[in-house]
1. How large is the charge dipole for the chain, taken about the Cα centre, if only the Cβ atoms of Lys, Arg (+1) and Asp, Glu (-1) carry charge, to the nearest 20 debye?
2. Ordered by residue, what ³J(HN,Hα) values in Hz, to whole numbers, does the range 29-44 give under the Karplus form 6.51 cos²θ - 1.76 cosθ + 1.60, where θ = phi - 60° and Gly and Pro are x?
3. Working from the alpha-carbon coordinates of the range 48-150, get Rg over Rh, Rh being the Kirkwood radius.
4. Which entries of LYS137/LYS172; LYS105/LYS137; LYS146/LYS199; LYS36/LYS303; LYS104/LYS134; LYS36/LYS203 have Cα-Cα distances beyond 19 Å here?
5. Out of THR163, ASN273, GLY118, whose Cα points farthest toward the positive end of the dipole of the chain (charges: +1 Lys, Arg; -1 Asp, Glu; placed on Cβ)?
6. With Cβ to Cβ distances under 14 Å as the rule, what net charge do the other residues near PHE312 carry (K, R +1; D, E -1)?
7. Calculate how steeply helix 150-159 sits against the longest principal axis of the alpha-carbon atoms of the chain, using the helix alpha-carbon long axis, and give the answer as 0 to 90 degrees to the nearest 10.
8. Can you give me the distance in nm between label points at ILE275 and ALA338, each placed 7 Å from the Cα along the Cα-to-Cβ direction?
Amino acid sequence: MPDLLNQINDKDLRLVAEKIAGNIRITPDDGLFLFKNADLAVLGLLAGIVRRRHNGNLAYYNRNFHIEPTNICIYNCRFCSYHKAKGDPESWEYSHEEMLNIVKKFDDKAVTEVHIVGGVHPSYDLHYWGSLIKKIKEYRPALHIKAFSAIELDYMISRAGLTLEEGLTLLKEYGLNSIPGGGAEIFDENIRKHICDEKSSSKLWLDIHEAAHKLGIPSNATMLYGHIENYSHRIDHMERLRQLQDKTGGFNAFIPLKYKKSNNSMSYLGEVNSIEDLRNYAVSRIYLDNFPHIKAYWPMTGKESAQMSLSFGTDDMDGTIDDTTRIYSMAGSKENPAMNSDEICALIRQAGFIPVERDSLYNPLTQIEI
Ligand code: V47
Ligand code: SF4
């Protein structure tokens, strides 16, 4: 056991720490115990052990941009600052041509991935979205298309009258490469009822990701935290993900998303502080022992918090983004969502890690400077 762990005086905490250092999986009770009893320094130390086991001293980023096809949505999640009803002056809806023009703006840039997520538009089914993907692939075949949250997939597939397997198979044929982690929120059914009653159930979210993994489509998973959930709900959320990952191995990254309070109907709750963000990253890294990557999504956390989180278990700063997402600025994030790769690399180096540009499947694209 590393010497520093000998300095943990609390006997129960020492037992959990010994499991983590010995690469023994912790239980849900252990996870809850960490959330409730371990201070930030101990969590950083333990998350660092797991982080190094998975990713050594490396910290990944990619060159990407987002397309948000529409903010018109049939749902009305209480935490969401983004969706608008059709006809609202603040709503938007891009045509296929407009979205292809966004792709064309990156003609002379070395981007490797487009991330496409938006509201659940009432009018369109899988064939409309599939043909968009096909057009983007035809235009720029090497671009990895990570698209559609499980909530959008549920709607577009059922609207087309297909089963999950049929729908996902067809989307793969159209050119879908992977699925982002959105829509997971918090799996606990009671909390879900309060914050996003209408949207697809937790079971369906997990079923969609399981079906995708079985078809060879990898995905990410998110968790929306810092609202009305408690630590048991976070552990329950991670436990359901850990079980699915044991079964399929199809998740690439876990992305904790801190609830942002502006312009939505849960604003009265306020926001949790940066210490809580770091503690949450650390417990996630420790608990999700079968997830290869924990992502700090900097447009949400801010650049400095994302940088700090590298010492609390995260190993991926997501991407350059180039000012192409509005979800977090509409929810109150001050961050201007664009960084060039030099800036990302500098942030990573200043935190004591080695920057690695990756593709969407975490293959390194540059020589790793040791
Ligand atoms: O599911 C919406 C969240 C998610 C708020 O897979 C909010 O690489 C905080 O899934 N405060 C969509 N969060 C974004 C998403 C994502 C982001 C980055 C990377 C990846 C990936 C996926 O945004 C939604 C919801 O959980 N969200 N409103 C809010 N007010
Ligand atoms: Fe719609 Fe997604 Fe906002 Fe919920 S979080 S209202 S599904 S855009």
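Laboratory data are not the source of any read-out in this text; all were calculated from the coordinates shown. Predicted model, so just to flag it, every value in this text is computed and none were measured. All Cβ positions, even for glycine, are placed from backbone atoms using ideal geometry, and neighbour counts span all protein chains on display.
1. My answer is approximately 220 debye.
2. 5, 4, x, 5, 4, 4, 4, 7, 10, 8, 7, 4, 5, 5, 4, x
3. Here the Rg-to-Rh quotient is 1.07.
4. Working: LYS137/LYS172 11 Å; LYS105/LYS137 15 Å; LYS146/LYS199 21 Å; LYS36/LYS303 27 Å; LYS104/LYS134 15 Å; LYS36/LYS203 27 Å.
Beyond 19 Å: LYS146/LYS199; LYS36/LYS303; LYS36/LYS203.
5. Farthest towards the positive end: ASN273.
6. Result for the local shell: 0.
7. 30
8. Modelled inter-label distance: 3.7 nm.
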